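Colleague: Shown below is the structure under consideration.
The values are calculated or read from the model by the stated rules, or taken from the named source; none is laboratory data. Only a predicted model underlies this, so the values are computations on that prediction, with no experimental measurement involved. As a convention, Cβ positions derive from the backbone with ideal geometry for all residues, glycine included, and neighbour counts pool all protein chains shown. Remember, those area values only see protein heavy atoms, side chains included, never the ligands or the DNA or RNA. Shrake-Rupley method; radii C 1.70, N 1.55, O 1.52, S 1.80 Å.
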Amino acid sequence: QVHLVESGGGLVQPGGSLRLSCAASGLVVSINALGWYRQAPGKQRELVAIITAEGATTYVHSVKGRFTISRDNTNNAVHLQMNSLKFEDTAVYYCNWDTSRGSYWGRGIQVTVSS
């Protein structure tokens, strides 16, 4: 069983930055991909960024050039650097680990962009 804990969320002004982290504990086996998703009030959960086992990254169009996903293999963690934050980035952010033994989700962390 893999347990995921997100950190780094909070309140930030438009144009500001936050760095989300997701640390995994438990038996971490072959990873297919690590991802960050978000869900804004009244909206469906959407993929924000994903990094494959080979290191390839994909971003939703709305965050390209502003967000960067990275993986820390030593510490079993994945990060999401978020720059130039906008009001519409406000959401609960979830990390996801897709492994050979299943897909695991964190509980989510709130990111609020407000002036």
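Colleague: Would you mind calculating the gained length between Val29 and Gln44 on full extension (0.36 nm times residue separation, minus the Cα-Cα distance), in nm to one decimal?
Modeller: Roughly 2.5 nm would be gained on extension.
Colleague: Right, something else. Averaging over all projection directions, find the projected area of the Cα convex hull of the stretch 14-54 and quote it in nm² with one decimal place.
Modeller: If I average the Cα hull's projected area over directions, I get 4.7 nm².
Colleague: Hey, another quick one. Rounded to a whole number, what % of the accessible area of the chain do carbon and sulfur atoms account for, probe 1.4 Å?
Modeller: The C+S portion of the solvent-accessible surface of the chain is 48 percent.
Colleague: What's the Cα-based Rg to Rh of the chain, Rh via Kirkwood?
Modeller: On the way: Rg = 13.4 Å, Rh = 14.1 Å.
Across the chain, the Cα-based Rg/Rh ratio is 0.96.
Colleague: Please check which bits of the stretch 1-30 a label hung off Gln110 would reach, taking the label as a point 7 Å along Cα-to-C-beta and the cut-off as backbone N under 11 Å.
Modeller: Inside the label zone: 10-11.
Colleague: Averaging sequence separations of C-alpha pairs under 8 Å and six or more residues apart, then dividing by the length of the chain, give the relative contact order as a whole percent.
Modeller: Reported as a whole number, the value is 37 percent.
Colleague: Same structure, new question: Taking the solvent-accessible surface of protein heavy atoms with a 1.4 Å probe, what is the per residue accessible area of the chain in Å²?
Modeller: 53 Å²
Colleague: If you don't mind, another one. Work out from phi, with θ = phi - 60° and the Karplus expression 6.51 cos²θ - 1.76 cosθ + 1.60, the ³J(HN,Hα) of each residue of the stretch 55-64, listed in order in whole Hz, and give x for Gly and Pro.
Modeller: Computed from phi, the couplings for the stretch 55-64 are x, 6, 10, 9, 10, 5, 4, 5, 10, 4 Hz.
Colleague: Please give, to one decimal in nm, the separation of the simple spin-label points placed at Ala53 and Ser70, each 7 Å out from Cα toward the Cβ.
Modeller: Going by the 7 Å Cα→Cβ label model, 2.4 nm.
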